[in-house]
Amino acid sequence: MHAIDRLSADGFRSSVPDLAVLLADAVASGSSLGFLAPFGPDAAAAWWRTRLDAVADGSLAVWAARGTGGVLGTVGLALEEKPNGRHRAEVVKLMVRSDARGLGLGRALLATAERAAARAGAGLLLLDTETGSPAEHLYLAAGWTRYGVVPAYAADPAGVLRDCSFFYKRLADGPAGPPAGR
């Protein structure tokens, strides 16, 4: 199994080059993460650097799974800052390098974010992903509930508009967990 570690602000800063390679690889392999091709490591590094303040102030937690050759996967957890929403968080930018897919790393990263959310007091998690994608299948298999699909929500890396599925998951350990007796 690969080590999955939460990145401190300094660790995040020093990991930006590896995270950039991972993000560029994910976009090049067709993952819909908000970017259009061509999208290389320089543009990916610039995007990751925009997240540094959020990592430093704790509103964004980022984990990296490392193996030989650098970062193999990552996941983020964006904590809600509004007072009426502190019971929820959003799973963001779950990705696994194309040559490391199919080994259970995505499932392990997702479970890491779920456990951290529960420890942080977030009992309700949200995320979105391209409908019909391998990521959607991962979330369904991990017990997430799809609550809607928006047609033509976002363009994939090739610029083709794709439907987007929106998911939630209630964590048993958090304040928004299932009602007692369930």
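Inspect all residues belonging to the range 65-75 and state whether any of them is within 22 Å of G106 (Cα to Cα), exposed (fewer than 14 other Cβ atoms within 10 Å of the Cβ) and either among the charged types (D, E, K, R) or without any contact (Cβ under 8 Å) to a residue 40 or more places away in the chain (or both). Checking the range 65-75: at least one residue is within 22 Å of G106 (Cα to Cα), exposed (fewer than 14 other Cβ atoms within 10 Å of the Cβ) and either among the charged types (D, E, K, R) or without any contact (Cβ under 8 Å) to a residue 40 or more places away in the chain (or both).
Within the range 134-149, the set of residues being part of a helix (DSSP H, G or I) and either touching a helix residue (DSSP H, G or I) at 6+ places or on another chain (Cβ under 6 Å) or hydroxyl-bearing (S, T, Y) (or both) comprises L138, Y139.
Any residue in the range 90-99 that is under 20 Å from A44 (Cβ atoms), polar (S, T, N, Q) and either part of a helix (DSSP H, G or I) or in contact (Cβ under 8 Å) with a residue 40 or more places away in the chain (or both)?
Yes, because at least one residue in the range 90-99 is under 20 Å from A44 (Cβ atoms), polar (S, T, N, Q) and either part of a helix (DSSP H, G or I) or in contact (Cβ under 8 Å) with a residue 40 or more places away in the chain (or both).
Checking the stated criteria, A56 turns out not to satisfy the condition of being modelled with pLDDT of 95 or more and within 16 Å of the chain's Cα centre (by Cα). Only one entry in V71, V62, V27, V16 is more than 15 Å from the chain's Cα centre (by Cα) and either among the hydrophobic types (A, V, I, L, M, F, W, C) or not in a helix (DSSP H, G or I) (or both), namely V16. Taken residue by residue, the range 94-110 has no member that is more than 16 Å from the chain's Cα centre (by Cα), of a type in the set (D, E), more than 26 Å from G159 (Cα to Cα) and surrounded by fewer than 16 Cβ atoms within 10 Å (Cβ to Cβ). Scanning the range 28-49 for any residue that is in contact with a Phe, Trp or Tyr (Cβ under 7 Å, 6 or more places away or on another chain) and either under 23 Å from T131 (Cβ atoms) or small (G, A, S) (or both) turns up nothing.
For the range 1-20, a residue qualifies if it is farther than 18 Å from V92 by Cβ and of a type in the set (A, V, I, L, M), and the qualifying residues are M1, A3. Looking at A61, A45, just one residue is aliphatic (A, V, I, L, M), surrounded by 20 or more Cβ atoms within 10 Å (Cβ to Cβ) and touching a residue at least 12 places away in the same chain (Cβ under 8 Å), and that residue is A61. Considering only the range 20-42, I want to know if a residue exists there that is over 23 Å from L138 (Cα atoms), aromatic (F, W, Y) and surrounded by 15 or more Cβ atoms within 10 Å (Cβ to Cβ). Taking every residue of the range 20-42 in turn, at least one turns out to be over 23 Å from L138 (Cα atoms), aromatic (F, W, Y) and surrounded by 15 or more Cβ atoms within 10 Å (Cβ to Cβ). Residues in the range 111-133 that are of a type in the set (A, V, I, L, M), within 15 Å of the chain's Cα centre (by Cα) and either exposed (fewer than 14 other Cβ atoms within 10 Å of the Cβ) or part of a helix (DSSP H, G or I) (or both): A111, A113, A116, A117.
The values are calculated or read from the model by the stated rules, or taken from the named source; none is laboratory data. In this text, all values refer to a predicted model and were calculated from it rather than measured experimentally. Glycine gets a Cβ as well: all are built from the backbone with ideal geometry, and neighbour counts include every protein chain shown.
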